[in-house]
Amino acid sequence: MVSTFLPFILLLPLAGFVINGIFGKKLNSERLSGLIGASAVGIGFILSVAIFIELLGLSPDARSVGVNLADWITAGQFSVGFSYLVDPLSVVFLLVITGVGTLIHIYSMGYMHGDPGFSRFFAYLNLFIFMMLNLVLADNLLLTFLGWEGVGLCSFLLIGFWYDRKFAGVGILWTGDAAKKAFVVNRIGDLGMLIGMFILFSQFGTLNYGQLTQVLSSGAFFPGGSDLLTAAALCLFVGACGKSAQIPLGVWLPDAMAGPTPVSALIHAATMVTAGIFLVSRNATLFTLSPTAMTVVTCVAATTALVAATVGIVQNDIKKVLAYSTVSQLGFMFVALGVGAFTAAVFHVVTHAFFKALLFLGSGSVIHGMHEEQDMQKMGGLKKYMPQTYKTYLIGAIAIAGIFPLSGFFSKDEILYHAFNDSGPVLWVVGALAAFCTAFYMFRSVYLTFDGKERFDHHHVHPHESPASMTIPLWILAVLSVVGGFLGLPAIFGEHVHLLHSWLEPVFAPAYKFYSQHHASHTTELVLMVVSLCIGIAGILTARRVYIQKPGTADKVAARFPAIHKLLWHKWYMDEVYEVGVVKFIWMTSQSFLYRIFDKKIIDGMLHGIANATGAAGRGLRQLQTGVVTNYVTLFVLGILLIVGYLILG
Amino acid sequence: MTQTDLLAGLAIEIVSIFALIIMLTDALVERSTRLCETLSIVGLLGGLAASAYAHLTMPGQTAFNGMIVVGGMSTLYDAIFCGAGIMTVLLAREYLTRVGGMFDEFYTLLMMSIAGMMLMGHSADSMPMFVGLEVMSICFYVMAGLMRNKLSSNEAALKYFLLGAFASGFLLYGIALVYGSVGSTAYSAIAAKALSTQFPTLFWVGIGMMIIGLGFKVAAFPFHQWAPDVYHGAPTVVTGFMSTAGKAAAFSGFVGFIAPTMASGVPGLEKAKVILALLAVGSMLVGNITALAQTNVKRMLAYSSVAHAGYLMIGLAAGNAAGWTGITYYLVAYLFMQIGAFAVVGILERENGGNLTVDDYRGLARRRPGLALVMSLFMFSLTGIPPFAGFFGKYYLFNAAIQADLTWLAIVGVVSSVISVWFYLGLVVIMYFREPLGEMEGGEASISSRTALALSIIGTLLIGLIPQAIINIAAR
């Protein structure tokens, strides 16, 4: 059944892309375009569930099915196919991508209503789904890389979807610039990933995940690992940093909000940005063999989680708050990977997909209802006008803040628990601080948007609730955000209640051979849970005090600590550093040296020199052609003498 | 002479007999041009059919006491010669009438020369090879001077004849020396007996002389100087025919006599390879570099045909199976693109050498978009750009050189291909991106010319897309 359904899951979105991409204008019907786009993914979701159920029926060790659709590259010993691996890890991603993807497709039918590029939008979305599925279902790094590049392309196309709109940022004027920024920054990561692939291929002669894991887990590299493995792991991590927006390659994600909101929800929150998590999880054995790489991952991730969370506090654009929140949450996931808690990372991917998609779609509903207004300072009191959006957004905010028993509580708590256990209190404190900020800025956005005074202009703006096609997906996601946490109940609730853990066990078993996890007593676990719950509540209460009970406190605090406020407002000056240190530098070098001197003088000079010399030689040789037969015979005889002379004497 | 002999040589016999019939028709029937044309095509198609029949029923068999061989590469040679003949016939009447060279003996000469070529392609012995070569050459001398009231045409014929006679002498002398040293003229016997010959120097000088004689016929440096003058002076359709079928015939003779010797591993072989490699290098570089300086399209193509002889000689120097099939493939590819290019030149050409300079091609894309497009295709293919046939031709030849540890030769080949980009694609640039200088006279291509052009394009594209088909026939 797996091998029967899988081609459909993959090819339906591709077909949707082709139909909407080529005939979209001819169809000339939003309903039809949307239906084709949404059903291509929706049917995929149903088939994915069927695959999931079939795998459930198998014994845990047999839940790994390879499907080879076609040969791709065959060169000597090297062969890479369009071959896919359906195993517990890829099925989790498969379900999230098609499931959340379907909801967002349906939502988009309402959100994009009336847009002249309606069918183009659905074509891009479907192409994205196709590429993302290739990324997570591939059984080798090269095919993953194909999907990796493909989703990068779709991200570029969708960020710049409204290419004629302005968008403000450092060095950015148009949405197209934001798209370019995302693409260029991602390429840096891609280069890292490519180099990592080269290293692995030169070492092991294969890019197949199964074969790599088999070689690596044979024990030949343990203990001690090898420098090359560390290099390979770090290179792959650079790729992951690009796609999953970790410092220092995370600068593109906030500007990616230039795209339509469903895009932000699907690509820049729920699915594509978790590709980095997938890549590291898929290559878990490689990472666990290199303690250095694991440490680097942890440090980068913890920094990202905290820095992004602090920036989120001062943002006024509702989508930017969510963007920084995403960066921060991705940091949490990487912390989990860095301490070897792979299951916790995947768990957080799933719950995050639910509540972050929910929050983004909620913000989209607000923006839709406010006639494209995104500044929270110009909102307020919207709960009266958009009750459905308010309720669902609030559920999402509670979930991400980590309040029991919503999904965010369980996944985040598990990460913090592992951070404490496997790395120590410092990492836990950093995580806890970030969690506090998260709760604070999320409720700041709730209060600024839905509570308090109505700060918008009543003459021009008439807030209204969104249509059912948008609110129904919101409610579904809200329910998932509430119950999603029960996929991974902590051990204090009993043995084997962490469903995701048992499900993913066979995938990560080889990695755990090299990375034993510490287990704390149930008391410690319980204490940590209570503390992290308190932190979440503290964050919410602080936000309530600052923005509801004593409005104006925020301004006073900002005036009291101008330096800190400025630092956060300018996002730790990361864009500026890039602008001066990288962009300007490269631009100047290219302009003044590489172009004017190297290209114009040296390269062109050489080429023109060679061309002129050849031309002169041609004119010279032309003189030989006198037209006189005697001269021809002279050359002829000269040739004969040389040949015969060489044969006799040589 | 048995029935099998006659059956094996059926293709050659059919073409020869038709040549005679056409001569009689020309003499006995008034205004016989159309009839001669039809007879030629029928004869050539008959030749093709007979060759295919022999290929399928008696591959690798010899006849006439081991003088000729059938099947395999010789089938492809037959196809090249007859194919070139058919396309030339299709193009000839319109062109020759326009430039004032329409004499019906053209068809007899064409058929006769093809018979000679086929004899060369089938020969397994130096003697029929030489006879075939002479039959072909004498016809060529006359065909080059077909426009008898035109000075350049007469000059071409005379120069070709003088130098050709000189070269034939060397070829025959070489055959004699080889016979003197090994006591045989049959290729396989030469290769076998050369291992034990008492006169190795004599033998190698003989082979050297044969290389010189055939090197002249393929227009290899430094024996190439006749080619630009003759190709320029001869009627354009004849030039197209000579530079493709004529070159192919000479190479078929070349491969035939040298392949067994190369395979036998006779001591001194390396020297012959060095000579062939140097001839290849000289031809490629001199041909392409001199073509750079040409302002006349016909001369440019003539010089570049010297360079193509150089590419083909890479296959001879490699001296391995990949080289032989590479040569055969290249000859097929070259047939289509070169005849096609000359066909376009011929269609545009006017009396007294009008419309032949590069400047006349300025802005052709606007005045004759169809012709400019097909000319561009041929130019791309001649340059060696995929997916056209010219690319795979070069690929197979360079690959053969690398297999024979002659990587440097392949590099020279690539470099000289790069040089050729300038004038081949330069012509495309001129056709598409330059303003025309003046009005170009009209004049439509006839149906038969269009057919020939279409055949060339289909060939250039088709064997570029499925090169293996040709390779498979050659390897049979």
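The values are calculated or read from the model by the stated rules, or taken from the named source; none is laboratory data. Note that the coordinates shown come from a computational prediction; the quantities given were computed from them, not determined experimentally. All Cβ positions, glycine included, derive from the backbone under ideal geometry; neighbour counts span all protein chains shown. Heavy atoms of the whole protein, side chains included, go into the accessibility calculation; ligands, DNA and RNA do not. Shrake-Rupley method; radii C 1.70, N 1.55, O 1.52, S 1.80 Å.
Are there any residues in region B:268-290 with a reduction of at least 50 Å² in accessible surface when going from the isolated chain to the assembly of protein chains? Probe 1.4 Å, please list them by number.
The answer is B:Lys271, B:Ile275, B:Ile289 - residues whose exposure falls by at least 50 Å² when every protein chain is included.
Considering the alpha-carbon set of region A:345-423 alone, what are its Rg and its Dmax in angstrom?
Rg and Dmax of region A:345-423, Cα atoms, are 15.2, 48 Å.
Could you work out, for region A:163-257, what percent of all Cα-Cα pairs fall into each 5 Å distance bin, beginning at 0 Å and stopping at the bin that holds the largest distance?
It works out to 3, 13, 18, 17, 13, 10, 9, 6, 5, 4, 1, 0, in whole percents.
Can you work out ³J(HN,Hα) from phi for every residue in region B:272-287, in order, using Karplus 6.51 cos²θ - 1.76 cosθ + 1.60 and θ = phi - 60°, giving whole Hz and x for Gly and Pro?
Per-residue couplings from phi come out as 4, 5, 4, 4, 4, 5, 5, 4, 4, 4, x, 5, 4, 6, 5, x Hz.
Okay, helix-only estimate at 222 nm for chain A: each DSSP H run of n ≥ 4 adds -39500 (n - 2.57), divide by all residues, round to 500 deg cm²/dmol; what do you get? Don't skip to the end; give the middle numbers.
Numbers: 27 runs with 443 residues, N = 650.
About -22500 deg cm²/dmol.
Ignoring ligands, DNA and RNA, please state the percent of accessible area on chain B from carbon and sulfur, probe 1.4 Å. Can you show the working numbers first?
Details: 11020 of 16120 Å².
Taking all protein chains in place, chain B shows 68 percent carbon and sulfur surface.
Kindly state, to the nearest 0.05, the FRET efficiency for A:Glu372 paired with A:Leu635, given R0 = 56 Å and r defined as their beta-carbon distance.
On the way: r = 81 Å, r/R0 = 1.45.
So the FRET efficiency works out to roughly 0.10.
Measure off, as a whole percent, the carbon and sulfur share of the 1.4 Å-probe accessible area of region A:2-538, all protein chains present.
Taking all protein chains in place, region A:2-538 shows 68 percent carbon and sulfur surface.
Tell me the GluC sites (Glu not before Pro) within region B:7-99 that lie in a loop according to DSSP and have at most 15 other beta-carbon atoms within 10 Å.
Numbers: sites: B:Glu13, B:Glu30, B:Glu37, B:Glu94; in loops: B:Glu30.
Passing sites in region B:7-99 are B:Glu30.
Considering the options A:Leu394, A:Met379, A:Ser328, tell which one lies farthest towards the positive end of the dipole of region A:313-406, charges being +1 on Lys and Arg and -1 on Asp and Glu at the Cβ, about the Cα centre.
Farthest towards the positive end: A:Leu394.
Where does region B:29-93 land on Rg(C-alpha)/(2.2 N^0.38 Å)? Can you show the working numbers first?
Numbers: Rg = 14.5 Å, N = 65, 2.2 N^0.38 = 10.7 Å.
Cα-based Rg divided by the globular estimate yields 1.34.
Report, in debye and to the nearest 20, how large the dipole of region A:2-538 comes out about its Cα centre when Lys and Arg carry +1 and Asp and Glu carry -1 on their Cβ. Walk me through the numbers before you get to the answer.
Numbers: 24 positive and 27 negative charges, 185 e Å.
Dipole of region A:2-538, to the nearest 20 debye: 880 debye.
Return P(r) of chain A (all Cα-Cα pairs; 10 Å bins starting at 0; whole %; ordered from short to long distances).
3, 15, 25, 24, 15, 7, 4, 3, 2, 2, 0, 0
With every protein chain left in place, what is the accessible area per residue of chain A in square angstrom, probe 1.4 Å? Could you put the intermediate results ahead of the total?
Working: 26140 Å² over 650 residues.
Counting only protein heavy atoms, the per-residue value for chain A is 40 Å².
With solvent modelled as a 1.4 Å probe, how much accessible area in total do chains A and B shield from it at their shared surface, in Å² to the nearest 100? Walk me through the numbers before you get to the answer.
Details: alone 27450 and 17400 Å², together 42260 Å².
About 2600 Å² of accessible surface is lost on pairing.
I'd like the Kirkwood hydrodynamic radius of the protein assembly as shown, using the inverse of the mean 1/r over distinct C-alpha pairs, in Å. If you can, show how the numbers build up before the last one.
Numbers: mean 1/r = 0.0287 Å⁻¹.
About 34.8 Å for the protein assembly as shown.
If each residue of separation counts as 0.36 nm, what is the full-extension length gain between A:Thr626 and A:Val580 once their alpha-carbon separation is subtracted? Don't skip to the end; give the middle numbers.
Details: separation 46, 0.36 × 46 = 16.56 nm, distance 6.48 nm.
So the chain would gain 10.1 nm between A:Thr626 and A:Val580.
Accessible area per residue, 1.4 Å probe, Å², for region B:268-476: what's the number? Write out the running numbers ahead of the final one.
On the way: 7300 Å² over 209 residues.
It amounts to 35 Å² per residue over region B:268-476.
Report the local net charge at A:Gln329: Lys and Arg +1, Asp and Glu -1, summed over other residues whose C-beta lies under 11 Å from its C-beta.
+2
Classify region B:268-476 as rounded, prolate or oblate from the Cα gyration tensor: take a ≥ b ≥ c as the square roots of its eigenvalues, call it rounded if a/c is under 1.5, otherwise prolate when a/b beats b/c and oblate if not. The partial results should precede the final answer.
Working: a/c = 2.53, a/b = 1.70, b/c = 1.49.
Prolate shape, in that a/c is at least 1.5 and a/b is the bigger ratio.
Compute, for the protein assembly as shown, the length of the dipole vector about the Cα centre, with Cβ point charges of +1 (Lys, Arg) and -1 (Asp, Glu) only. Units Debye, rounded to 20. The partial results should precede the final answer.
Working: 60 positive and 56 negative charges, 411 e Å.
For the protein assembly as shown, the charge dipole is close to 1980 debye.
Once you order the gyration tensor axes a ≥ b ≥ c over the Cα atoms, which shape class does region A:488-598 get: rounded for a/c under 1.5, otherwise prolate or oblate by comparing a/b with b/c?
Values: a/c = 4.21, a/b = 1.34, b/c = 3.13.
Oblate is the answer for region A:488-598, as a/c is 1.5 or above yet b/c matches or exceeds a/b.
Going by alpha carbons, how many degrees (0 to 90, nearest 10) lie between the helix axis of B:389-403 and the longest principal axis of chain B?
Around 30 degrees separate the two axes.
Would you please give the FRET efficiency between B:Arg366 and B:Thr97, computed as 1/(1 + (r/R0)^6) with r the Cβ-Cβ distance and R0 = 30 Å, to the nearest 0.05? Mind dumping the intermediate values first?
Details: r = 28 Å, r/R0 = 0.92.
Calculated transfer efficiency: 0.60.
Using a 1.4 Å probe on protein heavy atoms, which residues of region A:616-645 have at least 50 Å² less accessible area in the complex than alone?
A:Leu621, A:Arg622, A:Gln625, A:Val629, A:Tyr632, A:Leu635, A:Phe636, A:Ile640, A:Ile643
Within chain A, what's the longest run with no GluC sites (Glu not before Pro) in a DSSP loop and at most 15 other beta-carbon atoms within 10 Å? Give the range, please.
Value returned for the longest uninterrupted segment is A:1-371.
Pairwise over distinct Cα atoms, reciprocal of the mean inverse distance: report the Kirkwood radius of region B:12-120 in Å, one decimal place.
Working: mean 1/r = 0.0698 Å⁻¹.
14.3 Å is the Kirkwood radius here.
Determine the calculated [θ] at 222 nm for chain B from helices alone, applying -39500 (n - 2.57) to every DSSP H run no shorter than 4 residues and normalising by the residue count; nearest 500 deg cm²/dmol.
On the way: 21 runs with 367 residues, N = 476.
Result for chain B, helices only: -26000 deg cm²/dmol.
In degrees, nearest 10, range 0 to 90: what is the angle between the Cα axis of helix B:151-182 and the longest Cα principal axis of chain B?
10 degrees
Which of the trypsin sites (Lys or Arg not before Pro) found in region A:130-229 are in a DSSP loop and have at most 13 neighbouring Cβ atoms, other than their own, within 10 Å?
Working: sites: A:Arg165, A:Lys166, A:Lys180, A:Lys181, A:Arg187; in loops: A:Arg165.
In loop regions of region A:130-229 (DSSP not H, G, I, E or B), the sparsely surrounded trypsin sites (Lys or Arg not before Pro) are A:Arg165.
Measuring from label point to label point, each 7 Å out along Cα→Cβ, what is the A:Ser29 to A:Ala520 span in nm?
Label at A:Ser29, label at A:Ala520, 5.9 nm between them.
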